[in-house]
Amino acid sequence: MIPPGATIGIIGGGQLGRMLALAAAPLGYRCHIFDPHESPCAADVAASFTRAAFDDVPALERFAAECAVVTYEFENLPVGPLATIAGKLRPGTPSLAIAQDRAAEKAFVEEAGASPAAWRKVDGPDDIRAAAEALGLPLVLKTRRDGYDGKGQAWLRSADAADRLWQELGQRPLVAEQAIRFEAEFSVVLARGADGAVAFFDSTRNIHEGGILRRSELPAGPAIERHLAEARTHAAAIAERLGHVGVLTVEYFACAAGPLVNEIAPRVHNSGHWTIEGAATSQFEQHIRAICGLPLGGTTLRASRVTMDNLIGDDIEQWPALVADPAVNAHLYGKGEPRSGRKMGHVTRLG
């Protein structure tokens, strides 16, 4: 176990890094943020900050030398440079490498016994047309790398649009996914300790707008609850095959035939923010416990009903009313100017 007083390195300085640092402090740990931006919001609540590019190997090595363990808050990081600090990195690079490439991720999910929507690799417009013939229309096309919050995606509703969409998506490797009917979206958020112990949080019903999570709510409802046992089994198998240590999230569609995996996030996740007030241990503290070799905390609900709403873009202007409402737990990320689609904070309500 890494004792209190040690320094935890966090690669990435966004709101997830900020909330990880806030969760580490009550356990006695200091945090050191590594990020290329001038003033990332996580650095505001951390003991140390290194500004350097994510692929700056000498800077990464100096940073890691000052830390007892290193983790990351998002998955779009260059895996190669991180190999130089692999001995201190939790979760490891396999979790990153799989989550960064949608084709590799879908193949891995299938090997673990879970099911994504029917899909095909796409390396050009001819592959798009072949996928349309094999899977039917409409299809959703997604860039294999660097997509998040609905970015890097487009719907194919006619094979005649194959060339145009290939151009619009940057002529990059894609996956084509069959359109599916689903009743709801949900996540399995789990933590896996260094000893292989696994703890699950309750799963929320996730509501998206424009590809961005707008709300997570508990109870999730019967459309989701009937799939949870199978979904948890698959999520645990994915974590085990990765040798993952820390929090891992698997996003699902609740379908008539069973749960279908949408994607994997090898980290703390937006759909788990409710756990700060709503669970005995937050996902952020649970991640710190896992990577430091501490026993995992309890995940018991603190209320029978919980909702978490993201504050996106100009939603942040509501902050005076939100902080004045005794029923609201407000988390403002300190990101500066709001932009369309930018997550500026979140609020949680219990009961």
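The values are calculated or read from the model by the stated rules, or taken from the named source; none is laboratory data. From a predicted model like this one, the values you see are computed outputs, not experimental measurements. Cβ coordinates were reconstructed from backbone atoms using ideal geometry, including for glycine residues, and neighbour counts include every protein chain displayed.
Taken over region 34-75, residues that are crowded, with 19+ Cβ neighbours inside 10 Å and either acidic (Asp, Glu) or without any contact (Cβ under 8 Å) to a residue 24 or more places away in the chain (or both) amount to 4.
Taking residue 200 as meeting all but one of (1) under 18 Å from the mean Cα position of the chain (by Cα); (2) surrounded by fewer than 18 Cβ atoms within 10 Å (Cβ to Cβ); (3) under 25 Å from residue 154 (Cα atoms), write down the number of the exception. For residue 200, the failing item is (3). Note on region 257-291: residues that are at pLDDT 95 or above and over 20 Å from the mean Cα position of the chain (by Cα) total 2.
Flag: residue 204 does not match the condition of being farther than 23 Å from residue 97 by Cβ and either out of contact with any strand residue (DSSP E or B) (no Cβ under 7 Å at 6 or more places or on another chain) or among the acidic types (Asp, Glu) (or both).
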